[in-house]
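Comments concern the structure below.
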Amino acid sequence: MENQSKIRTQTKTKLVIDVLIFIAFLITMDPHSSGIAVHEWLATAAIAALVAHLLLNWDWIVQITRRFLGKVNTQSRINYILNWLLFIDGTVIMLSGFMISESLLPFLGISLPGNFAWRSWHDLSANLFLILLGLHTALHWIWIVDAFKRFVFRPIGRIFSTRSRKDIAA
Amino acid sequence: MKILGRILIILAVFTIVIGVAYVAINTGSSSSSATVPAFERGGERFPAPDGERPEFDGERPEFGGGWIVGFIKNIGIIAVVVALITIPKTFKRRKIAGFNAQ
């Protein structure tokens, strides 16, 4: 029973963090609307959320890393490779973003030698990240739908059904 | 303590990937492109000829819901990728379930 409630809390935390990362990503993907300062500070803050995401899925990462060359089903293997690609691509986005930073690093008094290549790498890796995020979402779609049903739609439905019951009683 | 160790592992891998990416990109680009002159990186800009306005390359205020277009575009790309993978998967699963039911 205690174990079940622990899993339930962990799933809820995962869902909240994932939704926050997703929203942060959508905001940072459009720097012309959010502004360069928001784009850079939010993306840097997202590192903490990404670390939390990895920590919450740590057991899965360790399990698949150990068994990767042995007996693992194809979907887990594809998922694992995709996660590594996401991690590497995310790192390239961060690195190239820092190299062309116009707000965060100047604010911290750091200036880096600029290079035209960093901007194109930043754009390229961000566009690739969008596709990889789509694949990542697709591979976890059942989990996402299930978690939304359990923690978002059902509680909302319960609120409405108790309200209508109260209305009938009144 | 366990969590701290895990965070250190993540940061160590992050640093290694950053190092490799930095070397790879710098090596690849050093032969093909020049370094951006300092005046283009936030310093004083040269005035444009004939009093023209310099080309704008930074933040720009968007009017008329420009951010919504960007937002929808990005969500749309993700949605298309998700649909391309999940819809055939669902059909396949239903087909298998149908065969098993018969």
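Rule-based calculations on the coordinates, nothing more; no lab input. None of the values given here were measured: they were computed from a predicted structure. No Cβ is skipped: glycine too gets one built from the backbone with ideal geometry, and neighbour counts run over all protein chains shown.
Here's how it looks for A:N115: its modeled amide H is under 5 Å from those of B:V36, which are all 5 or more places away or on a different chain. Each residue in A:S111, A:S101 was given a count of other beta-carbon atoms within 10 angstrom of its own, and listing them fewest first yields A:S111, A:S101.
Going from the residue with the fewest nearby Cβ atoms within 10 Å to the one with the most, A:V62, A:V51 rank A:V62, A:V51. The count of lysine pairs in chain A with alpha-carbon distances below 24 Å, taking only pairs 8 or more places apart or on different chains, stands at 5.
Neighbour counting of Cβ atoms within 10 Å sorts the residues A:D18, A:D146, A:D89, A:D167, fewest neighbours leading, into A:D167, A:D146, A:D18, A:D89. Computed from the Cβ-Cβ distance with R0 of 35 Å, the FRET efficiency linking B:A83 to A:F107 stands at 0.30.
Once the C-beta distance of A:K71 and A:V19 is scaled by a Förster radius of 30 Å, the resulting FRET efficiency is 0.35 to the nearest 0.05.
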